Amino acid sequence: MAEVLLAVAGLTVRYGGIEAVSDWSLILHAGEKVALIGANGAGKSSTLKALAGVVTPAAGKVSFAGVDWQGVPAWKRARAGLTLVPEGRGIFPRMSIEENLLMGVPQNTTSSRETLAPVYERFPRLGERRGQAAGTLSGGEQQLLALGRALLTRPRVLMLDEPSMGLAPKMVEEVFAVIEEMTATGVALLLVEQNARRALKLCPRAVVLESGRTVFSGEAVECLASPQLRAAYLGD
Amino acid sequence: MATFLQQLVNGLTLGCIYALVALGYTLVYGILELINFAHGDLVMLGALLSLSLMRLFLDWGIPLPGAVALALAGAMAGCVGVGLLLERLAYRPLRQAPKLAPLITAIGLSMTLEQGAALIWGRDYLAFPDLGLSHSWVFGGIVVTAIQGVIGGGTLLLLTVLLWIIHRSSLGRAMRATAQNPVAAQLLGVDTDRSIALAFVIGAALAAVAGLMVGAYYQVGHYTMGFMLGLKAFTAAVLGGIGNLQGAVLGGLVLGLLEALGAGYLGDWTHNVFGSNYKDVFAFALLIAVLIFHPSGLLGRHAPEKV
């Protein structure tokens, strides 16, 4: 079995008196792809934010590649190889496309402009408009920019929060194609996605959340075969 | 015409100083949405530190240019140190607090710095050492003094360096990213605390230079000198569009020019009902007008951002 990259035990996230994630655990191996499925408010985004370190959990233990991440700030987690593309994409609207991409290049690499070449090759639209403010891009193009930038960070674990939200069907297909390419090279994936059917097609493993707790964890095919889960999350 | 051009030169000199100080307000506001009202007092600190250091170094027999350079370096180090302390001890613990708390803290810090300076330097006006920059040139009836040239040239140099740092270096890119979306910046490995501290460091260093300039220009130092200067530089930052670097420079220059022209012509226009001592009223009338008619300032953004 591959190396355990991310180990989560007893993760609990509270906002005021409301418990968004309750005693949640997960083991993620290198190169593993997991779809995190659940209704609105099930705690999917809160889970990703707590793992990335932008939300402080009330309890629980997170370790990455064997290192305990208690109290480790978000920026150090990102540098260690855990990249979250947040809901809303997290682009810098008044910076150029090129500068947005450069933000993804690790600080200690010097020839940063050459490292952008493969991204421009894969996304010619971004290359053509590299000097333009990122805020002028359409929602789908912004998502591609965010994905391209995440790729530049050379993640070991990639976490995507609703990458297809609000996009036209054609763009959804493109975004999923890009995610598939990105993770083909052995990057582990934790994917939160409203489009459960599409997510389960991409990820061999599924975790279903309900009110901050895991109600199903297993193979995606199993999830697709379960009548209750199909009814609840796939609209059958 | 000669009066007009003369006031133009004087106004631009004043405007350079306002611009340097306004940049400090706008840098911190751009990244934290905090009006650091103690910033004007850092200018005072820069002036008094360079005054004392210069006297000390001249006493030691260090030649004037060396003494000025060393005093400037010392004043910059002192202001940066105090700026960092303010950020670390006073503002950072209040980052999640309601906006009013850091604002009141800023006013309190301003008073603390002033009274602290009064304890160290006393409450009298102190003579600034002569920098030997009093000679002047006459161009077609307009007098330009050496100190005016130094202030103009120094400001230009600092602006070039600053704009390069902010727009071309990776540190500056990280600062702008922090200002536009702090969470996204963290998710890309940016130590946002360091970006914020850097805004204070740059602002404080510019304040130290402005302090030396204003002290040398008026040849006087006093513990309250940062108050009015700070308010006016803040006006300049709002006039240009707070949070916008180019706006701070433009606002500073416009304010300096308006003030100088106001001082030169107010008496004539009003048949000496109002004299040049009303020039400060100009600055604040302008602030009020901007806030009423164009609150986003000359170069500020007012369009909502597309997400």
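The values are calculated or read from the model by the stated rules, or taken from the named source; none is laboratory data. Note that the coordinates shown come from a computational prediction; the quantities given were computed from them, not determined experimentally. Backbone-built Cβ (ideal geometry, glycine too); neighbour counts: all protein chains shown.
Within the stretch A:129-150, can one find any residue that is surrounded by fewer than 19 Cβ atoms within 10 Å (Cβ to Cβ), under 20 Å from the mean Cα position of the chain (by Cα), closer than 27 Å to residue A:34 by Cα and modelled with pLDDT under 90?
Looking for residues that are surrounded by fewer than 19 Cβ atoms within 10 Å (Cβ to Cβ), under 20 Å from the mean Cα position of the chain (by Cα), closer than 27 Å to residue A:34 by Cα and modelled with pLDDT under 90, one finds none in the stretch A:129-150, hence no.
Tell me which residues, restricted to the stretch A:75-89, are at the interface with another protein chain (Cβ under 7 Å from one of its Cβ atoms), in a helix (DSSP H, G or I) and not basic (Lys, Arg).
The answer is A:75, A:78.
So for the stretch A:58-69 (the condition being out of contact with any strand residue (DSSP E or B) (no Cβ under 6 Å at 6 or more places or on another chain) and within 13 Å of another protein chain (Cβ to nearest Cβ)), does at least one residue qualify?
no
So, residue B:114, is that one more than 14 Å from chain A (Cβ to nearest Cβ), under 23 Å from the mean Cα position of the chain (by Cα), farther than 22 Å from residue B:212 by Cβ and acidic (Asp, Glu) or not?
Working: more than 14 Å from chain A (Cβ to nearest Cβ): yes; under 23 Å from the mean Cα position of the chain (by Cα): yes; farther than 22 Å from residue B:212 by Cβ: no; acidic (Asp, Glu): yes.
When the stated conditions are applied, residue B:114 does not pass them.
Of all the helices (runs of 4 or more DSSP H) wholly in the stretch B:139-210, which have at least 3 residues that are within 9 Å of chain A (Cβ to nearest Cβ) and surrounded by 17 or more Cβ atoms within 10 Å (Cβ to Cβ)? Full working, then the answer.
On the way: elements: B:146-168, B:170-180, B:182-187.
Output list reads B:170-180, B:182-187.
Look at residue A:159 and say whether it is out of contact with any Pro (no Cβ under 8 Å at 6 or more places or on another chain) and more than 26 Å from residue A:28 (Cβ to Cβ). Spell out how you get there, then give the answer.
On the way: out of contact with any Pro (no Cβ under 8 Å at 6 or more places or on another chain): yes; more than 26 Å from residue A:28 (Cβ to Cβ): no.
So residue A:159 fails the test.
Considering (1) assigned to a helix (DSSP H, G or I); (2) more than 15 Å from the chain's Cα centre (by Cα), say which one residue A:175 fails and leave the rest.
Condition (2) is where residue A:175 drops out.
Report, ordered by the first and then the second residue, all pairs with beta carbons closer than 7 Å, sequence separation of six or more or different chains, a first member in the stretch B:230-254 that is among the charged types (D, E, K, R), and a second member that is surrounded by fewer than 24 Cβ atoms within 10 Å (Cβ to Cβ).
Here the result reads B:232/B:283, each pair linking the stretch B:230-254 to a residue that is surrounded by fewer than 24 Cβ atoms within 10 Å (Cβ to Cβ).
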